[in-house]
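*Asks:* Structure incoming, see below.
The values are calculated or read from the model by the stated rules, or taken from the named source; none is laboratory data. Since we're looking at a predicted model, the values are computed, not measured. Don't worry about glycine lacking a Cβ; one is built from the backbone with ideal geometry, like all the others, and counts go over all protein chains shown. Keep in mind that these areas ignore ligands, DNA and RNA; they rest on the heavy atoms of the full protein, side chains included. Shrake-Rupley method; radii C 1.70, N 1.55, O 1.52, S 1.80 Å.
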Amino acid sequence: MDKNIGLYFGSFNPVHVGHLALANFIVENTSLDEIWFIVSPQNPYKNATELCNASHRVNMLRLSISQYTKFKVCDIELKLATPSYTYATMRELRKTHPEHRFTIIIGSDNLPHLRRWKNAEEIITHHSFIVYPRPLHPINPQDLSDQIQVFKAPVFDIDSTSIRKGIRNGKDYRFLVPQEVFQYITDNHLFL
């Protein structure tokens, strides 16, 4: 069945309510049929020592989206070579799911760097993009093209780094992550 799938890449370390609310708003207000959360094993531009085990991050995502049929967890990048690059992931997704169209979801903070991604032209040629606003990152019209659609989603100024730091410092952040995720973090002593 041909679907238009939005791909939301991230470490999700941990997934928080900002990730989920943004994805929900996008899937409910665009032509996307579903959003797949692509769990990154290691972003080439981030410090890998901050990442909790990928299986924990996948489990937290699965717990947080289990009641919503328009969201799926995709662990394809965990099976590819690291560091993970978007072009390789997209090649694999086109090969394994030729029946779907894929739209890449990025924040306005990533838009100015898009053309510097490894094999960027290949990605831009084969896929469309939805760009959502991020605090302090206005969208430059020169960065736009026919494949890049700006979507005025609400701005959620929540980040996983602050959540991890707060948990390490004994903060009770049960309302910044889904309840099931907070329980999972507590039960597995994550981010301490």
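*Asks:* Roll a 1.4 Å probe over the protein heavy atoms and report the accessible area of Ser64 in Å², nearest 10.
*Replies:* 30
*Asks:* Right, next: If you wrap a convex hull around the alpha carbons of the stretch 1-128, what volume per residue comes out, as a whole number of Å³?
*Replies:* Working: hull volume 14.4 nm³, N = 128.
Per residue, the Cα convex hull of the stretch 1-128 comes to 113 Å³.
*Asks:* Taking 0.36 nm per residue of sequence separation and subtracting the Cα-Cα distance, how much length would be gained by fully extending the chain between Thr82 and His189, in nm to one decimal? Write down the numbers at each step before the final one.
*Replies:* Details: separation 107, 0.36 × 107 = 38.52 nm, distance 2.63 nm.
Going from the current span to full extension adds 35.9 nm.
*Asks:* Taking loop as defined by DSSP and a crowding limit of 15 other beta carbons within 10 Å, which GluC sites (Glu not before Pro) in the stretch 80-176 fit?
*Replies:* Passing both the DSSP loop test and the Cβ count: Glu99.
*Asks:* Provide Lys152, Lys70 ordered by accessible surface of protein heavy atoms (probe 1.4 Å), highest first.
*Replies:* Lys152, Lys70
*Asks:* Using a 1.4 Å probe and counting only protein heavy atoms, arrange Lys171, Lys72 so the residue with the most accessible area comes first. Before the final figure, lay out each step's value.
*Replies:* Values: Lys171 110, Lys72 85 Å².
Per-residue accessible area, sorted high to low, gives Lys171, Lys72.
*Asks:* Quick one: which residues, 5+ away or cross-chain, put their amide H under 5 Å from the amide H of Arg134? H built at 1.01 Å from N.
*Replies:* Distant-sequence amide H within range of Arg134: Ser108, Asp109.
*Asks:* Ordering His137, His56 by how much accessible area each has at a 1.4 Å probe, largest first, what is the list?
*Replies:* His137, His56
*Asks:* May I ask for the angle, rounded to the nearest 10°, between helix 86-96 and the longest principal axis of the chain, with both axes built from Cα atoms and the value confined to 0 to 90°?
*Replies:* 80
*Asks:* Name the aspartates and glutamates eligible as straight-distance cross-link partners of Lys165: C-alpha to C-alpha under 18 Å, and not fewer than 8 places from it in the same chain.
*Replies:* Excluding near neighbours in sequence, the set is Glu50, Asp157, Asp187.
*Asks:* Work through the residues other than Phe129 whose Cβ is under 11 Å from its Cβ and net out their charges, Lys, Arg +1 and Asp, Glu -1.
*Replies:* Every neighbour counted, the sum reads -2.
*Asks:* Pop out the ³J(HN,Hα) list for the stretch 24-35 in order, Karplus 6.51 cos²θ - 1.76 cosθ + 1.60 with θ = phi - 60°, rounded to Hz; leave Gly and Pro as x.
*Replies:* After applying 6.51 cos²θ - 1.76 cosθ + 1.60, I find 4, 4, 5, 5, 7, 10, 9, 7, 5, 8, 8, 10 Hz.
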